[in-house]
1. A:T344: net charge of surrounding residues, Cβ under 15 Å, Lys/Arg +1, Asp/Glu -1, itself excluded?
2. Based on DSSP, what percent of beta bridges with both residues in the protein assembly as shown are antiparallel, to the nearest 5?
3. Restricting to Cα pairs below 8 Å that are 6+ residues apart, what does the relative contact order work out to for the stretch A:71-378? Please round to a whole percent.
4. Helix-only mean residue ellipticity at 222 nm, chain A, DSSP H runs n ≥ 4 weighted -39,500 (n - 2.57), per residue, nearest 500. What is it?
5. Compare the peptides A:285-295, B:132-142, B:47-57 by average per-residue count of other Cβ atoms within 10 angstrom and give them in order, highest first.
6. Which one, B:N156, B:N106, B:V13, is farthest towards the positive end of the dipole of the stretch B:2-249 when Lys and Arg carry +1 and Asp and Glu -1 on their Cβ?
7. Taking 30 Å as R0, compute the FRET efficiency from the Cβ-Cβ separation of B:D181 and B:A244 and round it to 0.05.
8. What is the local net charge at A:N146, summed over the other residues whose Cβ is closer than 13 Å to its Cβ (Lys, Arg +1; Asp, Glu -1)?
Amino acid sequence: MNVAVAKTGNGRAVSDLFASAEGRLPGSPSVIAVRREAFETYERLGLPHRRIEEWKYTDLRALVGEVLPLAAAPDAAALKRAAEAVKAHAIAGARKLVLVDGVFAADLSDVKALASEAGFKTSRETLEKDAGLLKTASTDAVIALNAALATDGVVLSIADGVQLSAPIQIIHIATASSASAFSRSQVAIGKGVRATIIESFVAAGAEAYQVNDAVIVSVGDNADVAHIRLLDDAPDAVNVTSQFVTVGANTKLNFFNMTTGAAVSRLQGFITLAGEGSELSVNGVNLLQKTEHGDTTLVVDHAVPNCVSREVFRAVIDDRAHSVFQGRIIVRPDAQKTDGKMMTRALLLSDEAEADNKPELEIFADDVSCGHGATAGALDDSLLFYLKARGLPEKQAQALLIQAFVGEAIEQIADDGLREHVIGIAERWLERRQ
Amino acid sequence: MALLEVKDLKVRVEEREILHGLTLTVNEGEVHAIMGPNGSGKSTLSHVIAGKPGYEVTDGQILFKGEDLLEMDPNERAAKGVFLAFQYPVEIPGVATMTFLRTALNAQRKARGESEYSTPDFLRKVREVSKSLNIPQDMLKRGVNVGFSGGEKKRNEVLQMALFEPSLCILDEMDSGLDIDALRIAADGVNALRSPKRAMVVITHYQRLLNYIVPDVVHVMSKGRVVKSGGKELALELEASGYAQFEDAA
């Protein structure tokens, strides 16, 4: 234990972070006590660094240095900027729940329209009385810090049998520069539900901000759920998100993440298949340039027999960017007939681009089919020449091949409109490099 | 008018000289056949005209419509009207053939300062041409050349030729890997594109192809040079006597 590391680079004591935030945090004294304990865990551990195995390739101490002070509650000007951002990033037809600098913005959200199909509360309301939302199965320093400082979030519950008539889009908007937003949300999905949940992370004029988000998802039996996460934060932002997902029996869960922004991002997902006969599909695309660092770390835990999990990841890495994929599949002793596979491919567009792939299989059952594969390489010169010989300029030829490369992951999004929206974000990323 | 003028062209690949001063002039409306044994430099010539990387031109020049082709990127050459039908067209998984065709056509038109094709006009044109080449519509939805047979790949090359309307078509070993029926369909497609404004250079090892695409001029290449030129009867002569006589001449 080394308490000295709890001092930040500029000499500001880490404990000031909690002291200055405390007045803004919801919670009764007993909830605050849970937060204080979580903060002490964070103080003891400090930001994760490369000597912690799970964070080996994403050394937050080196990449981020210090945690910025909590963003002030958004004022009228910030909300106005956020409203513009909502217009630009809302998915047509979706019901919006908007968080501005980690604080729920009722005026920008479609709470009324949602009411007939889903239960909704803010995390702030929930946390006033009950610390349950702050507890998660696994924890590390960033999760503990989130528990300590989570200001707000959304708490959604979709009752058994509900077929959502429209997707729900949770939009995280940053308006405050050089500040942190901590949010924690919960999505409880009942049995037999059909739902599409989208999360978007964007900036409205903010620079050099930090996001620490946590999401707790439970999906009941016989459900069919698409969960799409689109990270398009400002180029100098930091986004660390932890997701805890539990899946019931005979359920289909299709998760997709795309990262097209943030200087440093990490998505760590802890997914437990807790009911038999379920199919989990986890797909991701990292589009990184300049010195961006994008990390996807997944733990898929087959706790019961007869589940299928598929992970398909594509990283496109330009300039001096760095993509990390860590995928662990755990097959518990009872989880016979598990079928778990992951495939990750990195496309390196420059000599200085870096990809780290770390697949891990921990198999304790004997009748399973598990596998993983990883490749890294450049664009194929013979394909590029063919396209150029047909009139496509170099960058356009590259763009077409890059789109094809990420296409296999994007194709897993079943909804046509949503898939087109995601392709649109990828195209804008490609245009930025031309 | 001379469309393509290759003058005393010397080309190296990895320190080894492949073309040792090749000269060739192709006029508008003409169909030239270039024949020669394996390793004579036929494919190298086609690659250098199209601008494939990896070839070093150490001497000579290539003029296309009077302009220096070697100064242009491959995409600029395509926009100017140079089309290479590949001996082995590549497969591009994930890029739908239709998307590829439209992107390429519009890129060429944009480079020439022309307006982009409207979608209905484009679709009409593709349907019309693909029908004449016996290319089913569902093939156009698949990835470029993915899962295509040898004949389908070559027909896809001819389809592009018909769509892009180049003024110079270079057909690199179009007959390789094709059975006689596939060859006839592809050759019929090529013949339909013969026009007084368009020239073709047909590169082939065998005389067989020239029964279907009848050339105006036949050149024999050996050891990196054109060693003999003549009328279409030269191809028949070669078929009877082989290339051995020219290997000595070079």
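1. The answer is 0.
2. Roughly 20 percent of the beta bridges in the protein assembly as shown run antiparallel, per DSSP.
3. 11
4. -7500 deg cm²/dmol
5. Ranked by mean Cβ neighbours within 10 Å, highest first: A:285-295, B:47-57, B:132-142.
6. Among B:N156, B:N106, B:V13, the one farthest towards the positive end of the dipole of the stretch B:2-249 is B:N106.
7. It comes out at approximately 0.40.
8. Its environment carries a net charge of +1.
The values are calculated or read from the model by the stated rules, or taken from the named source; none is laboratory data. Just so you know, these numbers come straight off a predicted model, no measurement behind them. All Cβ positions, even for glycine, are placed from backbone atoms using ideal geometry, and neighbour counts span all protein chains on display. Remember, those area values only see protein heavy atoms, side chains included, never the ligands or the DNA or RNA. Shrake-Rupley method; radii C 1.70, N 1.55, O 1.52, S 1.80 Å.
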